[in-house]
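Structure, as structure tokens:
Values quoted throughout were computed directly from the atomic coordinates according to the rules given, and no laboratory measurement underlies them. Bear in mind that the values here come from a model prediction, so they are computed numbers and not experimental data. We place every Cβ from the backbone using ideal geometry, glycine too, and count neighbours over all the protein chains shown.
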Amino acid sequence: MAMMGFIGAGNMGYPMLRGALKTFGMDNVVFTDASKDRCEFVKKETGLSYLNDNKAIANSCKYILLAVKPQYFGEVYKDLQGMITPDQVIISIAAGITIEDVKTGLGLNVRVVRAMPNMPAMVNEGMSGVCFSTDTFSEEEKTVIDQFFTSFGKYQIFEERLMNAVICANGSSPAYVYMFIEALADSVVKYGIPRDQAYTLAAQTVLGAAKMVLETGAHPGVLKDQVCSPGGTTIAAVSALEEYGLRNAVIKATDACFDKATSMIKNK
């Protein structure tokens, strides 16, 4: 039995698959995807052979990662109905799909890890929120799960009731950061900086600022104050950001994201 099987190898499944390959090796990872073109692409990029269908994954893997969109879970449930044993572990990464949903679809004895990774997993800088079903997981299984989620970035463990908020903090928010980088670059292109250099200036600055928060442990407000010299250019810019509602815009975006995540669960 292979260690880990991926059902789905799209924009999110593929970088996670590459992380698993790096950590566990070619002999311990298999995958399938509804698109044969996608299967061939992943095979060409990684050298990893694919299985023909979801049932083959269930028959050959200890850990089964469901990396399909929420609307396709019904089809996956039908394919895997009655096939998952208590010895296997299901890892689900779909927004709006709860642990209870997976157990209802695959069997109440199924052990489930629900996770919300994000797009920076593509460059091994992903951030995942993870929660576990109330079932028992061995120390060996917890170690494998830890190795998996750290193979493409970092992760934190949460209670499931917080997963909709996790989606706001890490799942959707890269889009906001990309918008900020684009806007910052546009703002200096306006003053003559070539666009390619503007994107590099903005993106590296965001990367460096984030790294300072993570590595120094300092409060973001303290770091912000260190940049804001009295009467200087930065405090003038910060004042404008406050006037035009940067904080409020981010909080409102999170409210909209949270409401949508909640409605996805209620409307299934």
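Here are a few things to note about the model shown:
- The chain: angle of helix 233-243 to the longest principal axis, Cα-based, in degrees nearest 10: 70
- Between THR216 and ALA256, the FRET efficiency from the beta-carbon distance, with R0 = 35 Å, is close to 0.65.
- Helical runs assigned H by DSSP (4 residues or longer) give the chain a calculated mean residue ellipticity at 222 nm of -16000 deg cm²/dmol, each run adding -39500 (n - 2.57) before division by the residue total.
- Angle in degrees between helix 246-266 and the longest Cα principal axis of the chain, rounded to the nearest 10: 20
- Residue-span extension gain [TYR176 to ASP225] - 0.36 nm each, minus C-alpha spacing: 15.4 nm
- Degrees separating the helix 13-24 axis from the principal Cα axis of the chain, which is the longest one: 70
- Ranking GLN156, ALA183, ILE193 by how far each Cα lies toward the positive end of the dipole of segment 145-201 (charges on Cβ) leaves ILE193 at the top.
- Dipole magnitude (debye, nearest 20) for the chain, charges at Cβ of Lys, Arg, Asp, Glu: 320
- If a spin label sat at a point 7 angstrom from the Cα of GLU45 along the line to its beta carbon, the backbone N atoms of segment 9-28 nearer than 14 Å would be those of 9-22.
- Most fluctuating residue given options PRO120, PRO230, PRO86, as computed from a GNM of the chain linking Cα atoms under 10 Å: PRO230
- Compared with the direct C-alpha span, the chain from SER187 to ALA34 gains 50.8 nm at full extension, assuming 0.36 nm per residue.
- Cα-Cα separations in the chain greater than 31 Å, expressed as whole percent: 35
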